[in-house]
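A short write-up of the structure that comes next.
The values are calculated or read from the model by the stated rules, or taken from the named source; none is laboratory data. The model shown is predicted, which means the values in this text are computed figures rather than measured ones. Methodologically, a virtual Cβ is constructed for each residue, glycine included, from the backbone with ideal geometry; neighbour enumeration extends over all protein chains shown.
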Amino acid sequence: MKLAADDLPAYRTGIALLAVHSAISLNDAIAAGLTGKAGRHQDHLTAAAELERSARKHRISNLNGVSHLRRLLAEKTASLTVVIVWTTLWCAFPSVVPNGFTCGLTLISRRFSMLRQVLSEEQQHARVQNAVANFLFSALIVPKIFFNARWPTRKEEVDILAVDRSGAGEIHVVEVKVGSADLVRSVRSIIEVPAHFRYLALFGNASFRPTEKTLYAADGMGRVGIIQVRESPQGDLCAEFAVRPERFRLDSSYFRQIDRFTAARPADMEIRP
């Protein structure tokens with residue numbers, strides 16, 4: 001449940017079903033505690049009714065929980081019915097399936113009936129890169145943006161390198177992390193990359209809460225920015241600051257180095273004259 005909560009839009013149906021099954025397990029446990037026997041009912045609504053009878057027999061007056069369980073079971077039945085129908089149509093009639101979907105992938109539901117295409121790790125990483133680049137493109141002043149840039153040496157690479165003011169301004173670097181990862185180590189890694197502004201962009205890591213101390217430069221001048229990327233129910237990615245960055249101290253020699261870099265490599269995103 002905790003892992004699923006990191007991406008609520010994608011897993012909300014699964015979270016709901018997990019909650020219902022947890023309630024069913026609790027129902028069985030309480031029934032066993034009251035009667036001394038394990039329930040054998042295949043129909044969960046019958047099991048709920050049996051629990052209500054046992055509760056009344058033991059003079060338990062508050063039965064709100066049983067009523068709520070019945071409502072949850074009804075929603076679960078409706079959800080599974082739609083999933084079964086979609087699965088049957090999907091495998092029996094491939095022509096009704098939209099292009100790009102593969103039989104057997106997970107079914108995710110906006111209202112129990114929306115199909116979600118599963119991307120590879122590389123595709124999802126590139127999507128998040130693009131969303132963060134668009135976010136920086138609107139936040140900076142006429143920036144030049146480079147994907148998978150070799151910076152500061154040819155042996156090192158950053159996910160996004162942006163240079164403000166059409167290549168004549170401050171240097172921004174971003175490391176993108178999708179899903180679970182050692183994010184504390186990622187903060188330590190990006191803080192070592194020479195740039196005026198340094199960011200860690202996260203997708204599927206909504207529960208990550210870095211301590212303030214880990215984000216700051218050793219001398220206190222500079223703070224790593226945290227960009228959270230979320231997916232809307234419609235499938236659109238949206239980036240926003242969870243922690244705003246603060247400017248790092250940077251030796252002026254890096255301006256000459258970035259000038260050579262921008263002269264040698266065309267930008268992936270820029271405003272053309």
Out of curiosity, is residue 215 crowded, with 17+ Cβ neighbours inside 10 Å and under 25 Å from residue 123 (Cβ atoms)?
no
From the options 193, 184, 178, residue that is in contact with a Ser or Thr (Cβ under 8 Å, 6 or more places away or on another chain), surrounded by 12 or more Cβ atoms within 10 Å (Cβ to Cβ) and of a type outside the set (Lys, Arg):
184
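Residue-wise test of (1) outside any loop (DSSP other than H, G, I, E, B); (2) touching a His at 6+ places or on another chain (Cβ under 8 Å); (3) under 15 Å from residue 240 (Cα atoms); (4) not assigned by TED's automatic domain parsing to the domain that holds residue 239.
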position	(1), (2), (3), (4)
169	no, no, no, no
173	yes, no, no, no
176	yes, yes, yes, no
185	yes, no, no, no
194	no, no, no, no
201	yes, no, yes, no
210	no, no, no, no
218	no, no, no, no
Is there a residue in segment 134-152 that is modelled with pLDDT under 95, among the charged types (D, E, K, R) and surrounded by fewer than 20 Cβ atoms within 10 Å (Cβ to Cβ)?
no
Which numbered condition residue 205 misses (of (1) over 17 Å from residue 158 (Cβ atoms); (2) of a type outside the set (Val, Ile, Thr); (3) not in a loop (DSSP other than H, G, I, E, B))
(3)
Scanning for something of a type in the set (Lys, Arg) and in a helix (DSSP H, G or I), does segment 145-157 turn up at least one residue?
no
Scan segment 259-270 and tell me whether some residue there is of a type in the set (Ser, Thr, Tyr) and either in contact with a helix residue (DSSP H, G or I) (Cβ under 6 Å, 6 or more places away or on another chain) or surrounded by 19 or more Cβ atoms within 10 Å (Cβ to Cβ) (or both).
yes
Is it the case that some residue within segment 237-256 is within 25 Å of residue 125 (Cβ to Cβ), surrounded by 10 or more Cβ atoms within 10 Å (Cβ to Cβ) and touching a Pro at 6+ places or on another chain (Cβ under 7 Å)?
no
Might you check whether a residue that is farther than 21 Å from residue 146 by Cβ, more than 21 Å from the chain's Cα centre (by Cα), assigned by TED's automatic domain parsing to the domain that holds residue 143 and among the small types (Gly, Ala, Ser) occurs anywhere in segment 221-228?
yes
Taking the residues in segment 47-86 that are at pLDDT below 70 and charged (D, E, K, R) as candidates, determine which candidate is surrounded by the fewest Cβ atoms within 10 Å (Cβ to Cβ).
75
Residue list for segment 24-46, restricted to those being among the hydrophobic types (A, V, I, L, M, F, W, C), at pLDDT below 70 and buried (at least 17 other Cβ atoms within 10 Å of the Cβ):
31
